[in-house]
1. Name the one entry in B:GLU308, B:GLU332, B:GLU301 that is in a helix (DSSP H, G or I), of a type in the set (D, E, K, R) and within 17 Å of the chain's Cα centre (by Cα).
2. Considering (1) in contact (Cβ under 8 Å) with a residue 24 or more places away in the chain; (2) of a type outside the set (Val, Ile, Thr); (3) farther than 26 Å from B:ALA68 by Cα, say which one B:HIS138 fails and leave the rest.
3. Would you point out which residue out of A:LEU163, A:LEU182 is out of contact with any helix residue (DSSP H, G or I) (no Cβ under 6 Å at 6 or more places or on another chain) and not hydroxyl-bearing (Ser, Thr, Tyr)?
4. Filter segment B:49-62 for residues that are crowded, with 24+ Cβ neighbours inside 10 Å and either closer than 24 Å to B:PRO280 by Cβ or at the interface with chain A (Cβ under 7 Å from one of its Cβ atoms) (or both) and give the result.
5. Taking the options B:ALA152, B:ALA117, B:ALA168, name whichever one is small (Gly, Ala, Ser) and closer than 17 Å to B:PHE82 by Cα.
6. Of all residues in segment A:179-194 being of a type in the set (Ser, Thr, Tyr) and assigned to a loop (DSSP other than H, G, I, E, B), which is nearest to the other protein chains (Cβ to nearest Cβ)?
7. Starting from residues that are part of a loop (DSSP other than H, G, I, E, B) and under 18 Å from the mean Cα position of the chain (by Cα), keep the ones in segment A:110-129 and report whichever is surrounded by the fewest Cβ atoms within 10 Å (Cβ to Cβ).
8. Do you know which residues across segment B:253-282 are more than 9 Å from chain A (Cβ to nearest Cβ) and assigned to a loop (DSSP other than H, G, I, E, B)?
Amino acid sequence: MFESSLKQMGDALRARKISSVELTQSYLDRMARLNPQLNAYISIDAEKSLAQAKAADARLAAGSADALTGIPIAQKDIFCAKDWLTTCGSKMLHNFVSPYDAHIISQFNNAGAINLGKTNMDEFAMGSSNETSYYGPVKNPWDTARVPGGSSGGTAAAVAARLCAAATGTDTGGSIRQPAALCGISGLKPTYGVCSRYGMIAFASSLDQAGPMGRSAEDLALMMNVMAGFDERDSTSLQRDKEDYTRDLNKPLTGLRIGLPKEFFAEGMGADVAKAIEAAIAEYKKLGATIVDISLPNSKLSVPVYYVLAPAEASSNLSRFDGVRYGYRAPEYSDLADMYEKSRAQGFGAEVQRRIMIGTYVLSHGYYDAYYIKAQKIRRLIAQDFVEAYKQCDVIMGPTSPSTAFKLGEKGDDPVQMYLSDIYTIAVNLAGLPGMSIPCGFGDNDMPVGLQIIGNYFDEARMLNVAHQYQLATDWHSRAPQGI
Amino acid sequence: MSWEIVIGLEVHVQLSTQSKIFCGASTAFGAEPNTQADAVSLALPGVLPVLNKGAVERAIKFGLATGAHIAPRSVFARKNYFYPDLPKGYQISQFELPVVGQGALTIQVPAQGKQPAYEKVVRLTRAHLEEDAGKSLHEDFHGMTGIDLNRAGTPLLEIVSEPDMRSAAEAVAYAKTLHTLVQWIGICDGNMQEGSFRCDANVSVHKPGTPFGTRREIKNLNSFRFLEQAINYEVQHQIAVLEDGGSIQQATVLFDPDTGETRVMRTKEDAHDYRYFPDPDLLPLEISEEWKQQVAATLPELPHTKQERYVRDLGLSAYDANVLTQSKGIAEYFEATAQACNQPKLAANWVINDVRRFMTEGAKDENGEPAASEVRDGVPGRDAIRVPAESLGKLISRITDSTISNAGAKKLFSALWTAQDTTNVDLLIEQMGLKQVSDSGAIEKIVDEIMAANTDKVAEYRSGKDKLFGFFVGQAMKASKGQANPAQLNEILKAKLAG
């Protein structure tokens, strides 16, 4: 049952072969057994989940069920969920019980899905290994000595270890795709503006985007049907017609033009990763696709541009965490300034503080033009590269991450090395494009490798089609980690 | 050579929208603390701003009313600083690209001593939209500070002038003109006590022909009187420092109404670096030509246009036209009155003298203080006028058709002000017995009777004692119970006494 697709689970629920309470309980049992090893969840609340399952069963019995009614879904702890502890992986919010639901949470609630718990993450989504979480690192289910990637590492580990049917993530510079790659699952970061950011705790507002993580492209399509859509409470939410993301899943790939950016294959990629990617490309040729060599000349500037813009926005977004109204406040302080300083110094971890300082610096008088304005200009050039590329191809492919999952603590002392693990994913966020990662094999350490698929704006349905056809032809996505 | 004073004003105008600028919470004044603070006002994690179109429309109205450039595209920026009543740790404002660009305001500076009244154009640099902060309450919390976020997110239009004013009187005239205008076009309630209209004054002095001096900014002046006092104090202070051989340091100062002095709040050294950058949560604000025109169609005739029309078409003096356009309510009342009697000059006199006097006096509470609800900063609302314009028009008509005398009209107006029925003017004239006797037969009869009863006085008069004429007028008036038409009476008396 834990291997069933969302569609199969939904069918079984609607056929009353299993109740949502039973399904939810079996996940809760599995979580009780395995989560202590993996630390994938920050909050588990069986009572709340089962109450939702009961309501879902009533809805199933009444015959008014939707595709995901009764299915247990884990939520990244970045989404505010009413009456749930919502920490964003930070001590700063260790005591914050949200009084309201994020738009994404409401969408799942309306669909009758079960909130199975809040998944662990890098603190305020800042990290690529899940090691910055105040709640401790998440372990990769394929090898618990290794990281699951980040920042949606808890979600990736929970999906890979079958501790939920599917889950949500968010992606600012690769936070869905990189952990999906490192944990051998599928993940989709939609076009900026497709999923509402209302109630999703902001890291870098112009880059943040919610998306689904699951075991297959087909599952992601069903998740997208729930998550996507206009929300008037988010001014950057796009007003578009509702679409069915499953509509193109079964189209053949004949004639598909796949662009391979030479910059992604030049250097820095591990040989084992390169081998798996090449094999995947070969498989696509068999499925009828043609290969086009393209160039994204400015993509090499993505990492420095990102590490100006994202911290700049973050330094401002995180100012609200000041100890005044909610969240952590230092127990002792001498005056107002001291209260701010101590609360923030004690409430934020090292990586968050580092990025706040970088962001404060680049926005400061005298530096703003040289850093922030310059980075915005290059950001437009990076986006323009993709516009040019899509004149020649339908999708772009390459590695999601330069290496497979690294060991816990391996890059802890070197932030720049850590930042480079997002080298292939960041340009997509800067351009606002949709990007995906799907499993495409294993590297030298028997750790999963992810294939990145980058689509044109609003081309999610085509990307899901491209991924799904591959998953019909291969079985990498259905491999499960052993030994847990 | 004497010092020249240079003043520029920044005025924060609270826009009269029902809800806040970036969320649906109410903007009503005076609610229990934090009862109008929703998730967005509280800056809970994950919440996002959504721009209130009503606030934008009010900014467009202001731009149109001052002939300013209205930006087809403007940008909201974050102004970052920490303060407990600033819940997000930044204020959403506009920085590089404001919604309203350069405009101008014509002001009337009243006569002062030997200097006659004059008109002046003050250039506007810009006006931008922003949100207000909450309030820190330092009393009643035993050494701690309470935070009330009801006001957080209230829409403001910050209107910045060029340093075009050369005296406190000009600054006050500018502030008053602006205050009238924003109420006139319906974008602000103008309530200064509640903080709906707050002035910051940038003041410097220099010798003409030399560059401007270093300025100091006086913050948060919420009455015209304080504005004037603060500027005058600040100017004296700066001149004293400079004449002592000192120099002025750029600073932000506060005015203390109790001492009448300003004191330094912060200097340039500890000025904030606000780290402005475009707010990524909000799209650039785009205003189409069509939207501008829709808003333009809702604009009332502006004070300056009305003044010109009053002078040109109604033959009023510039002074009277200016007084009548101090508030839209007064102007509308005047126009309705003038229309009812077709006597614009008389109507203007009545409104300027009698109506306005009754409004302030009639609006006083039992302690003799002006009641705040009716008189705000000396500009009462039309609701303070108890006599309908149609009734005043009728009253004026009754003067011109000689039904009542001027003295009778004053009595009538006073009675109308407190009357239950303020509409039936003619009935009240009857009831009060104010109708003049204009029947020459009746007046002749009275005169005859008086002359018959005072034959000795008639003889004295006829022998040259002209002064006795007043005696006969008095007797006749007394006999007519004051109702004789004075002009007619004079004429008849003169003729009869002449024999």
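1. Being in a helix (DSSP H, G or I), of a type in the set (D, E, K, R) and within 17 Å of the chain's Cα centre (by Cα) holds for just one of B:GLU308, B:GLU332, B:GLU301, which is B:GLU332.
2. That leaves (1) as the condition not met.
3. Criteria check complete, one pass: A:LEU182.
4. Answer for segment B:49-62, where residues must be crowded, with 24+ Cβ neighbours inside 10 Å and either closer than 24 Å to B:PRO280 by Cβ or at the interface with chain A (Cβ under 7 Å from one of its Cβ atoms) (or both): B:ALA55, B:ALA59.
5. Going through B:ALA152, B:ALA117, B:ALA168 in turn, the sole match is B:ALA152.
6. Looking at residues that are of a type in the set (Ser, Thr, Tyr) and assigned to a loop (DSSP other than H, G, I, E, B), I get A:TYR192.
7. If we take residues in segment A:110-129 being part of a loop (DSSP other than H, G, I, E, B) and under 18 Å from the mean Cα position of the chain (by Cα), then A:GLY127 is surrounded by the fewest Cβ atoms within 10 Å (Cβ to Cβ).
8. Scanning segment B:253-282 gives B:PRO257, B:ASP258, B:THR259, B:GLY260, B:ALA271, B:HIS272.
The values are calculated or read from the model by the stated rules, or taken from the named source; none is laboratory data. Everything quoted here is computed from the prediction, not taken from an experiment. Neighbour counts are summed over all protein chains in view; Cβ atoms, including those assigned to glycine, are modelled from backbone coordinates with ideal geometry.
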